[in-house]
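What follows is a short report on a single structure.
Nothing in this text is a laboratory measurement; each read-out follows from the coordinates by a stated rule. The model shown is predicted, which means the values in this text are computed figures rather than measured ones. Using ideal geometry, Cβ is built from the backbone for each residue, glycine included, and neighbour counts are taken over all protein chains shown.
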Amino acid sequence: MADPDRNPWRRFLALPNESRTKTLVMAFLVAAVCALMVSGATVLLRPIQAANRAAEEQARIEALVRGIPGMADLLEQSGGTLSTVVIDLDDGRAAQDVTTDTLDTALADTGNWTALDAGADLADLGQRPDYAQIFLLRQGDAISLVLLPMTGQGYGGRIDAILALEGDMNTIAGIAITSHSETPGLGGRIEDPSWQASFPGTEIRDDSGELRFNVARGDASGPYQVDGITGATRTGRGISNMVRFWLGSDGYGPLIRAIERGEF
Amino acid sequence: MPARFDIWTTLTEPLIRQNPVTLQILGICSALAVTTSLATALTMSVSLTVVLTLSAILISLIRRHIPDTIRLIVQIVIVASLVIVIDQVLQAYLSEISRALSIYVGLITTNCLVLGRTEAYARHHAPFPAAVDAFGNGLGYSLIVLVIGGVRELFGRGQLFGWQVLPLTDAGGWFTPLGLMLLAPSAFFLLGGLVWAIRSVQPEQVEAPEHVPPADVRPAE
């Protein structure tokens, strides 16, 4: 006595494909199943992805430090570790109430971000966190290396990098790109060690204290430039603007002055 | 639908004779972009084959109930969701390679090959033949991408799968890498060369010329 027509699901399937009800319900069902699949995958895999990213950033910081001549020895002497400090970008001092463990929670609060004016926003970020985690390498009382994480806007999207400055706060010791979405083979070559090799030794400011660093179009000329990448002008400009913004007064400027005054 | 379904023919037909890349010139965008090294080419091939096969099975399962008016949207939504899932899996378990592929995994969605197969085959066939056909086409794509990737990596860097095969002059060997091989144009040359080679062996693939050049181009006086 099983009458298929009493089952609403069968009745629905038996509808002609062209009926409006079936079209709408099919569209909804497909969308719902797909949404479930996509969100399921994202939620389930997120912890693994986050762990991957953290491990990779750590590996890049280590590679950056190891790649700087003489740093491996210095690191040995200082006990093999960099000290990590969360700083308040506004005054350039170590943050009082935020530590490395609470940094993520602090940055989740929009109150801890500063909106940037269009004029000052060289790196095209829109807003900037008030706290940043930096890495220091000390030799006795003096600071011999500072690693400054920075973010900028490239051609394909955000570029995250870590810039290493020597103790004089004016000479670049190296750069590591932690994440980017530039075109592979063109802007993506910012990942290449051969391109990054032109950073060490480059100076940031001239004698009058003016910020001079930029990425050249073509080969570098002068002590303040690094080589450009052919076919990736906008990526190069993105890197220039990123470094110029973060080393300027809205970025790590106050911190750099504080280190120069010997407050760290 | 053919009277009898022959697994072997359906599977091997798209390898050379009906190759989606060299005969139908489908999906060449990614074939150009991801072939700078074998490792990325292999990952891309596997991802595409998986997406293609799964989407063919899914679409074939609901093929009798896809309203004609929204069939392309339904197919694209299914393909796009599968691509996102694959992308997330790659990011989680193969993060190195996922970075090298960057946006091209996402672009599998717009790869004409996937929609082409679901639209032309999976929509009219049972899940099993559809899966075999999709898998065969995935293999055909993989074959071309791997050949091009192998040639580009070998001559561009002197490596295969990142393993130094030809000793570079920098390292005291005799091989000077061809920088051109790592740039996009070389993939065009290689793909063109492959199409030419395959069509010389199988002349029935040659298309009829669309225009006949005029016999005499001198202006009449």
Fill in: Within the range A:176-205, considering residues that are among the hydroxyl-bearing types (Ser, Thr, Tyr) and more than 10 Å from chain B (Cβ to nearest Cβ), the one surrounded by the most Cβ atoms within 10 Å (Cβ to Cβ)
A:Thr202
Practice prompt. State all residues of the range A:113-130 that are part of a loop (DSSP other than H, G, I, E, B) and more than 13 Å from A:Asp88 (Cβ to Cβ); if no residue qualifies, say none.
Written response: A:Leu116, A:Asp117, A:Ala118, A:Gly119, A:Ala120, A:Asp121, A:Leu122, A:Ala123, A:Asp124, A:Leu125, A:Gly126
Discussion item. Going residue by residue through the range A:207-219, is there one that turns out to be more than 18 Å from A:Leu82 (Cβ to Cβ), touching a helix residue (DSSP H, G or I) at 6+ places or on another chain (Cβ under 7 Å), assigned to a loop (DSSP other than H, G, I, E, B) and within 14 Å of another protein chain (Cβ to nearest Cβ)?
Written reply: no
Worksheet item: Any idea which residue in the range B:36-66 is surrounded by the most Cβ atoms within 10 Å (Cβ to Cβ), counting only those that are more than 11 Å from every other protein chain (Cβ to nearest Cβ) and of a type in the set (Val, Ile, Thr)?
Response: B:Val51
Worksheet item: Which one of the conditions (1) surrounded by fewer than 18 Cβ atoms within 10 Å (Cβ to Cβ); (2) more than 16 Å from the chain's Cα centre (by Cα) does B:Leu146 fail to meet, given that it meets all the rest?
Response: (2)
Worksheet item: Can you name every residue in the range B:67-89 that is buried (at least 20 other Cβ atoms within 10 Å of the Cβ) and more than 7 Å from every other protein chain (Cβ to nearest Cβ)?
Response: B:Gln75, B:Val79, B:Leu82, B:Val83, B:Ile86, B:Asp87
Fill in: Boolean, A:Arg93 is basic (Lys, Arg), in contact (Cβ under 8 Å) with a residue 12 or more places away in the chain and over 18 Å from A:Thr178 (Cβ atoms)
yes
Discussion item. Here is a check on your reading of the model: is B:Arg99 part of a helix (DSSP H, G or I), touching an Asp or Glu at 6+ places or on another chain (Cβ under 8 Å), among the basic types (Lys, Arg) and surrounded by 17 or more Cβ atoms within 10 Å (Cβ to Cβ)?
Written reply: no
Worksheet item: Across the range B:90-99, what is the total count of residues that are within 9 Å of chain A (Cβ to nearest Cβ) and under 21 Å from A:Leu36 (Cβ atoms)?
Response: 2
Fill in: Output for the range A:13-47, where each listed residue is hydrophobic (A, V, I, L, M, F, W, C), farther than 18 Å from B:Ala80 by Cα, surrounded by fewer than 16 Cβ atoms within 10 Å (Cβ to Cβ) and more than 7 Å from chain B (Cβ to nearest Cβ)
A:Ala14, A:Leu24, A:Val25, A:Leu44
Worksheet item: Looking at the range B:1-68, what helices (runs of 4 or more DSSP H) fall wholly within it and have at least 2 residues that are over 20 Å from the mean Cα position of the chain (by Cα) and farther than 26 Å from A:Asn17 by Cβ?
Response: B:7-12
